[in-house]
Structure formats: structure tokens, C-alpha cells
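The values are calculated or read from the model by the stated rules, or taken from the named source; none is laboratory data. Just so you know, these numbers come straight off a predicted model, no measurement behind them. Cβ sites come from the backbone with ideal geometry, for glycine too, and all protein chains shown count toward neighbours. To get the accessible areas, we keep the full protein, side chains included, count just its heavy atoms, and leave off ligands, DNA and RNA. Shrake-Rupley method; radii C 1.70, N 1.55, O 1.52, S 1.80 Å.
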Amino acid sequence: QLVNSWDPHIQLHDDVIDGRFHSNTEFGLATVGNVKPKFFGKVTTAASTLTFNGNVNSRRNKDVFKGGAETKTDRVTLPRDMPDVLSGGDEGDRQLFAEDTRIIFNPDGSYVWRLANGEGTLQRAEPSQKPRYLIGEKDAKLYVRGTVTGIFTVYSPSDIEIEDDLVYLKDPRQTVVSRDYLALIAGRDIRVAATEVTGPGDLNVHAALFA
């Protein structure tokens, strides 16, 4: 996970981060009793300190940073402009959404969509061996969930919201050969829907995310 500017109102509490983590600014950490965040990969930040519950470096230990932690590292420079996904692929491999739309990926490689307000008919795109680009136009917000089979890029100049598990049919951590891949690219935020939508418990998200 790469964070350019950490929101000071957000803290990592009982979160678990599997891989590498870097923040260009100081990020929030909170512990209550035996509940604390855990990082299994190396943690780096361009900030000079790590703060737990308002105390600088008071709980910097191996229970939290299992892969080690380093401060005052170089900043990671991010591109100022969003990647050019609008011109990706052939016209037949691009699906444009003019309004807020809910997209569901199916295990057979197809996907369906309908306007987020529930109006209109449910539409379906058949499976394809080619990479596909699902693109929101103007301020169209996209809602996603389901099981991904194939290669997809989902782009919105606005927000993308994850409403339920979003996983690969063939998890590359468990399968020798997996061609499943999903990129979520948002001009503003990638969000997780409220628990009234997702239900209780954790969500599994398999994707590369850029917001």
C-alpha cells in the first residue's frame, strides 16, 4: 500500500497489512489493550516519527512491525495526472457508463450492470479473452463486487465503491497459473460501502488500487 497524504482523522487500529507499506506523510496508529495494528511487510515513511495514541514511537515494537519500520525515507513521487485509460483497448473492449452504475463480475468471465438507482434493465457483457476497460464518464460513480475472471480495468473520474467481496476466481497465491487481474482507478476515492450494504465482517478484495 502506497499513501501520498494520510488523513490525520484516520488511524490504523486492528488492521492487518500483508505486504509493503509506505506513506509520504506520518500515518495514524492506535492501540487499545492488546488490540493493535500488524504489518507483516516492511513499513517506511518519509515522516520523521511514528505516533501511537499521541505518543511518539512509544509502542514501536516487533508485535506491530513484523517486517521492520523505517522513518525519514525518500518520498515516492506520484504522477500528477491520472493514467490514460480512456484510449485503452479496442472500441469493442471498452464499456462506457454515463451515469452512476452498479457492476457485478461473474465467475464465468461475464459481467452485468444496471444504473445505481435501480432503473433500467440489467445488461450483460459476455466473457472475453481480451483485457476490458469499464469506464465511467464525467462524474459517473461506479459500484463493484463479484468474482473476476479475466483482465479488467475499472476507471471513474469520480469515486469507486466496493460493495461486497471482490475476488479473483483463481487466486494467484493458491494457483500456479492465474490470468485474473483487476485494476481499480479513481480520480477521487475508492471507498468501501457502509455495513448496511456489505453486511458484518471483513471483505476480501483482490485488485490493484489507485486513487
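Would a scan of the range 56-65 turn up a residue that is open to solvent by 30 Å² or more (accessible area, probe 1.4 Å), β-branched (V, I, T) and at pLDDT 80 or above?
no
Starting from the range 7-25, take each residue that is within 20 Å of D74 (Cα to Cα) and list its partners that are open to solvent by 100 Å² or more (accessible area, probe 1.4 Å) and polar (S, T, N, Q), counting only C-beta distances under 8 angstrom and pairs at least six apart or across chains.
Every condition considered, the pairs that remain are G19/Q1; R20/Q1; F21/Q1; H22/Q1.
When the range 13-56 is examined, which residues are found to be part of a strand (DSSP E or B), over 16 Å from the mean Cα position of the chain (by Cα) and of a type in the set (A, V, I, L, M)?
Matches in the range 13-56: L29, V32, V35, V43, V56.
Could you grab me the full set of residues in the range 110-158 that are more than 19 Å from A193 (Cβ to Cβ), over 16 Å from the mean Cα position of the chain (by Cα) and among the polar types (S, T, N, Q)?
The answer is S110, T121, Q123, S128, Q129, T149.
Does the range 160-177 hold any residues that are of a type outside the set (D, E), under 11 Å from V148 (Cα atoms) and over 12 Å from the mean Cα position of the chain (by Cα), and which are they?
Across the range 160-177, the qualifying residues are Y168, L169, K170.
Just for the range 14-29: of the residues that are closer than 20 Å to G201 by Cα and touching a Phe, Trp or Tyr at 6+ places or on another chain (Cβ under 8 Å), which one is surrounded by the most Cβ atoms within 10 Å (Cβ to Cβ)?
The extreme case among them is I17.
In the range 20-54, what residues are of a type outside the set (V, I, T), at pLDDT below 90 and out of contact with any strand residue (DSSP E or B) (no Cβ under 6 Å at 6 or more places or on another chain)?
Answer for the range 20-54, where residues must be of a type outside the set (V, I, T), at pLDDT below 90 and out of contact with any strand residue (DSSP E or B) (no Cβ under 6 Å at 6 or more places or on another chain): G33, N34, K36, L50, N53, G54.
So which of R124, R102 ends up being at pLDDT 95 or above and open to solvent by 70 Å² or more (accessible area, probe 1.4 Å)?
Going through R124, R102 in turn, just one is at pLDDT 95 or above and open to solvent by 70 Å² or more (accessible area, probe 1.4 Å): R124.
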